[in-house]
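The values are calculated or read from the model by the stated rules, or taken from the named source; none is laboratory data. Computed from a predicted model, the values in this text were never measured in an experiment. Cβ placement follows ideal geometry from the backbone for every residue including glycine, while neighbour counts extend to all protein chains displayed.
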Amino acid sequence: MKRVVVGLSGGVDSSVAAYLLKEQGYEVIGLFMKNWHDDSVTISDECPWLEDSNDALLVAEKLGIPFQTVDLSEEYKERIVDYMFNEYEKGRTPNPDVLCNREIKFDVFMKIALSLGADYVATGHYCRKGTIEEDGKKIYRLLAGVDTNKDQSYFLCQLSQEQLSKALFPIGELTKPQVREIAAKMELVTAEKKDSQGLCFIGKVRLPEFLQQQLKPKEGTIYEIATDAALYNAETPQFASVKEQLAYEAETKAYTPQMGKAVGKHQGAHYYTIGQRKGLNVGGTKEPLFIIATDVETNAIYTGQGSTHPGLFKKALYIQESEIHWVREDMQLKDGETMEAMVRIRYRQALKKATLHKFDNGMYIEFEEPQSAITEGQFAAWYIGDELIGSGVIS
């Protein structure tokens, strides 16, 4: 019997994952991760980790598997929370869930599991793992979940071959309704439990309130840039190379207050992100305002009217060399090589056709159609078919 440690989160997905593994004959241990309990942040009354760990315990008792709680809040603060604040301060928008999987669940947590003699770590992610052999070597594949509505492969886009080799995703072949059905049949306390919202650690808090604990409010101006502003009608220059053209297409436009008109005030450019519509509190425009750029240096926010504003769209994005990650190391591009792939620039976004161009200093992803709200700090993930091949931080 192989031993598996399941990250029991107190939700229905991980509960059913544990049940299925037990049915398959594994020796299963349930481990609950406590990632956050900082009372200096005024949300502890709202923090549902106690309720979650209690639900996880009840599930473990029902399934007759050993259970314990591990406190990873110190590592969590250091690797996720501090990183997030740091990124927001620079005016980038990080993805804590992707980091949580890379740094916590499949690193710190996995090491604890292996120290308990586990052969594998399992989670309730909607994705699948495949294996192929090449030259006698096992290669692990990260595949989308069967439930296209819930596919969570994107959140695991930073995993390595080493991490994948020890990972199991028992519910990847199931749809959410099927998972709930199994939980109800087994009378698991989590069967009807709503999916958790918010960040993977701070419970029910809204992100801006959390950020305000660390990043001090600082009043600045909101500017509106017209759709027919001169910089959108500038002539496209002649390019000496493909690389030059891609750099031009991926470039973030530089806005100045002179280009637009002041339409309101905000409490800090670092609280906002590209493509954001809510929370601006500026009325009186024909169409809703969308954020097209933020400048944390000058503390200015630039907006445009409507979801088709030219300031929202770009044809390409850039990933620095040090930020490129290949899940399939055997498929990585060399300098000068290209690859056709389907790319996602945020969770829940439909996959878009694109070409990857690899250069000595990094990689450009050129989309067939211009994409809205390409956001610095988020992860771009590229797929071939239903397999996630690699990812990188948009720069």
- Message: For the stretch 309-334, give me the residue count where each residue is outside any helix (DSSP H, G or I) and either in contact with a strand residue (DSSP E or B) (Cβ under 6 Å, 6 or more places away or on another chain) or in contact (Cβ under 8 Å) with a residue 40 or more places away in the chain (or both).
- Response: 16
- Across the stretch 73-90, the tally of residues that are surrounded by 15 or more Cβ atoms within 10 Å (Cβ to Cβ) and within 17 Å of the chain's Cα centre (by Cα) stands at 9
- Determine whether the stretch 125-144 contains at least one residue that is of a type in the set (A, V, I, L, M, F, W, C), over 24 Å from R3 (Cα atoms), modelled with pLDDT of 95 or more and out of contact with any His (no Cβ under 9 Å at 6 or more places or on another chain). yes
- Query: Restricting to the stretch 384-395, what's the tally of residues that are touching a Phe, Trp or Tyr at 6+ places or on another chain (Cβ under 9 Å) and buried (at least 19 other Cβ atoms within 10 Å of the Cβ)?
  - Reply: 7
- Message: Checking Y248 against (1) touching a residue at least 40 places away in the same chain (Cβ under 8 Å); (2) within 24 Å of V393 (Cα to Cα); (3) not polar (S, T, N, Q), only one condition comes out false. Which one?
- Response: (1)
- Query: Yes or no: L188 under 25 Å from L142 (Cβ atoms) and either assigned to a helix (DSSP H, G or I) or in contact (Cβ under 8 Å) with a residue 24 or more places away in the chain (or both)?
  - Reply: no
- Message: So if I check each of E251, E297, E321, E287, which one is under 30 Å from I139 (Cβ atoms), surrounded by fewer than 16 Cβ atoms within 10 Å (Cβ to Cβ) and among the charged types (D, E, K, R)?
- Response: E321
- Does P170 satisfy the criteria of being more than 30 Å from K278 (Cα to Cα) and either in a loop (DSSP other than H, G, I, E, B) or at pLDDT below 95 (or both)? yes
- Task: Scan the stretch 106-121 for residues that are surrounded by fewer than 16 Cβ atoms within 10 Å (Cβ to Cβ) and aliphatic (A, V, I, L, M) and jot them down.
- Result: L114, L116
- Query: Would a scan of the stretch 115-132 turn up a residue that is in contact with a Pro (Cβ under 9 Å, 6 or more places away or on another chain) and among the aliphatic types (A, V, I, L, M)?
  - Reply: yes
- Message: Taking the criterion of being buried (at least 19 other Cβ atoms within 10 Å of the Cβ) and under 25 Å from L215 (Cβ atoms), would at least one residue in the stretch 327-342 satisfy it?
- Response: no
- Conditions: (1) surrounded by 13 or more Cβ atoms within 10 Å (Cβ to Cβ); (2) at pLDDT below 95. R277 meets all but one. Number of the miss? (1)
- Item | Residues satisfying the stated conditions in the stretch 60-72, i.e. of a type outside the set (K, R), surrounded by fewer than 17 Cβ atoms within 10 Å (Cβ to Cβ) and not in a strand (DSSP E or B) | E61, G64, P66
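Residues are listed down the side, and each one gets a yes or a no for (1) touching a residue at least 60 places away in the same chain (Cβ under 8 Å); (2) in contact with a strand residue (DSSP E or B) (Cβ under 9 Å, 6 or more places away or on another chain):
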| position | (1), (2) |
| --- | --- |
| E244 | no, no |
| T252 | yes, yes |
| Y255 | no, yes |
| M259 | no, yes |
| A262 | no, yes |
| H266 | no, yes |
| A269 | yes, yes |
| T273 | yes, yes |
- Query: Which of (1) of a type outside the set (K, R); (2) more than 17 Å from the chain's Cα centre (by Cα); (3) under 20 Å from I291 (Cβ atoms) is the odd one out, the single condition S322 does not satisfy?
  - Reply: (3)
- Residue identified as out of contact with any Pro (no Cβ under 6 Å at 6 or more places or on another chain) and surrounded by 12 or more Cβ atoms within 10 Å (Cβ to Cβ) among Y232, Y223, Y272: Y272
- Extreme residue, surrounded by the fewest Cβ atoms within 10 Å (Cβ to Cβ), among residues of the stretch 347-368 that are touching a residue at least 40 places away in the same chain (Cβ under 8 Å) and not aliphatic (A, V, I, L, M): N361
- Matching residues in the stretch 186-220 - criterion: being at pLDDT 90 or above, closer than 30 Å to G260 by Cβ and surrounded by fewer than 18 Cβ atoms within 10 Å (Cβ to Cβ): K218, E219
